[in-house]
Amino acid sequence: MGFRGSTFSKPLSWHQGFLILQSCPIDVISGTKVWKRFPPRYVIMGFFLIVGIIALIAVAVAQNHHSTRNSKYGIVLDAGSSHTSLYIYEWPAEKENDTGVVQQVDVCDVEGPGISTYANAVKKAGYSLKHCMDKAKEKVPLEKHQETPVYLGATAGMRLLRLANEDAAKKVLSEVDMTLRSYPFNFQGARILSGEEEGAYGWITLNYLLGNFKQSVWPQFMPRLFFSTGTIGALDLGGASTQITFVPNQESIESPEDIVNFYLYGKNYTVYTHSFLCYGKDQALRLKLLQDSLQDPLTSRVQDPCFHQGYERTIDIADLQNKSCRPPGFTMSSYSLLQIEGTGDYEKCLASIDKIFNTSYCPYSSCSFNGISLPPVSGNFGAFSAFYYVMKFLNVTQAPMDKVIETVKIFCSKTWNEVKTEFPGIKEKYLSEYCFSGTYIISLLNQRYNFTKEKWQNIHFLGKIRNSDAGWTLGYMLNLTNMIPAEQPYTRPLSHATYISLMAISSILVISLFLIGYVTFCKPKCLKKEII
Ligand SMILES: Nc1ccn([C@@H]2O[C@H](COP(=O)(O)OP(=O)(O)OP(=O)(O)O)[C@@H](O)[C@H]2O)c(=O)n1
Ligand SMILES: [Ca+2]
């Protein structure tokens, strides 16, 4: 390949060579073919741009290449009244103080009922957890087993057992403890959470996953209206208890026992939380049935508007008369079996549910029920567990309150045969109770918590947030592993990858602009013969 248009008779300095390369048109001859003439300055700029783009891609690939990240794992077992679930969480070790980095990577639902039902067969309580723990051994890399913490938190089912028979509760927990200790993980204990803890940790989980704790650096430069640094309230409906947790927009919470203070990521949160034991949906149904059976203590047959027309159920009264959950004015009945006949009537069901709440007194400026203070609900709420299961089944998770009421009304009015035909795949235990559960949720949220039609629109019924289940377990683990720092950890405004890429792009731009400027403003003539 040779150059034509200028011939060299003596060696050129690099400066002359550069001037020639960039401005004098050159015929590039390759073999006999003369390529199109064009100013080489475009060749130079094109060259730099291509190099720059390749550099960018290389940086992006290098930056985002997932080396075998140094991951950490955590395991939490949620021992609820109706079931136990095992959650496995994972996070990148180098980022553990950032918010939102912990992800749920697996969940295992334990076969059978909650551990509190094993009061008379405590060995089974521990044994029931083996299958999910064996699965966890496979899921967590072998070399991480030793360092992976395992926590078991028991909720309302065990609270009720402890109230009824403290010794049995201790035995169940010690069996569970022994089983979990036998695994190669870093076992951190099995304990019964208080209702307030259950509510507070559920609130932490929601706001952690939504990134609401991150005081982003940008708001300091941007007007607040672009960035809400508020938090979302948490509504949890279990089988034996229900929790409501939120930051009220009024300063004073009137009941000190319902206040939890958090100092997270450099910000103080004064949170209201209350847990209503016996008002999870299973126990609330029991309260209602007991209440109904008191109408006529001698008769053992009741017509129940919360069950579908044609539905019948026989209940052992001894089972209902669980010492811990009893309606106001309870008296023992003279018969042992209660026969229920469904009549399927929403309005009457709502009225019968009303009776399990005592709204006759309130020693505060505003109460939910049973004399419990409740500040006016405000802002957004995440409603999960049975709130979500029931509303999802009824297909009203996004519906306005009127539509929810209308849907429950229609569903309750269906006969039991129609319902079984329409939903063949749903467990009859769950299916038979959705009319009650839907009515109960409306009663609890609208009439007890005073979520008006407008405020109802701020309730988000959700099962997961970014693939992690909504619930107390993540918040519990974050707290016990100190992954929520009190102070806001320093975070660069830009991620490392963004920073490197921006640097690369700006350097390429600067070089290109320099070249274009140089070529444009100090345009050398074509070198005359005499220079060469
Ligand atoms: N897909 C599901 C799962 C559960 N449930 C019902 O929802 C209620 C609450 O379930 P859960 O949140 O698991 O309650 P627990 O955690 O077991 O109860 P608690 O928190 O009170 O200990 C129970 O009546 C359960 O039968 C349901 O209707 N549909
Ligand atoms: Ca629960």
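The values are calculated or read from the model by the stated rules, or taken from the named source; none is laboratory data. Quantities reported herein were computed from a predicted structural model and do not represent experimental measurements. All Cβ positions, even for glycine, are placed from backbone atoms using ideal geometry, and neighbour counts span all protein chains on display. These accessible areas exclude ligands, DNA and RNA; they are computed on the full protein's heavy atoms, side chains included. Shrake-Rupley method; radii C 1.70, N 1.55, O 1.52, S 1.80 Å.
Some points to look at:
- Probe 1.4 Å, protein heavy atoms only - accessible area per residue of the stretch 286-426 in square angstrom: 48 Å²
- The fraction of accessible area contributed by carbon and sulfur in the stretch 70-192 is 47 percent, rounded to a whole number (1.4 Å probe; ligands and nucleic acids excluded).
- Dipole magnitude of the stretch 270-426, debye to nearest 20 (Cβ charges: Lys/Arg +1, Asp/Glu -1, about Cα centre): 320 debye
- Dipole moment magnitude, nearest 20 debye, the stretch 70-192 about Cα centre, only Lys, Arg, Asp, Glu C-beta charged: 440 debye
- The DSSP beta bridges internal to the stretch 252-387 are antiparallel in roughly 75% of cases.
- Cross-link reach is defined here as a Cα-Cα straight distance under 13 Å, omitting same-chain residues fewer than 8 places apart; for LYS137 the aspartates and glutamates meeting it are ASP106, GLU147.
- Pairs exceeding 25 Å between alpha-carbon atoms, taken from LYS392/LYS420; LYS130/LYS420; LYS429/LYS455; LYS348/LYS420; LYS139/LYS464; LYS281/LYS414: LYS130/LYS420; LYS429/LYS455.
- Solvent-accessible area per residue in the stretch 70-192 equals 44 Å², computed with a 1.4 angstrom probe and all protein chains kept.
- In order along the stretch 141-155, phi translates into HN-Hα couplings of x, 3, 5, 9, 3, 4, 8, 7, x, 10, 10, 10, x, 9, 10 Hz, rounded to whole numbers, per the Karplus curve 6.51 cos²θ - 1.76 cosθ + 1.60 with θ = phi - 60° and x for Gly and Pro.
- Between the stretch 465-485 and the stretch 258-292, the alpha-carbon center distance in angstrom: 18 Å
- The share of accessible area on the stretch 195-475 that comes from carbon and sulfur is 51 percent, using a 1.4 angstrom probe.
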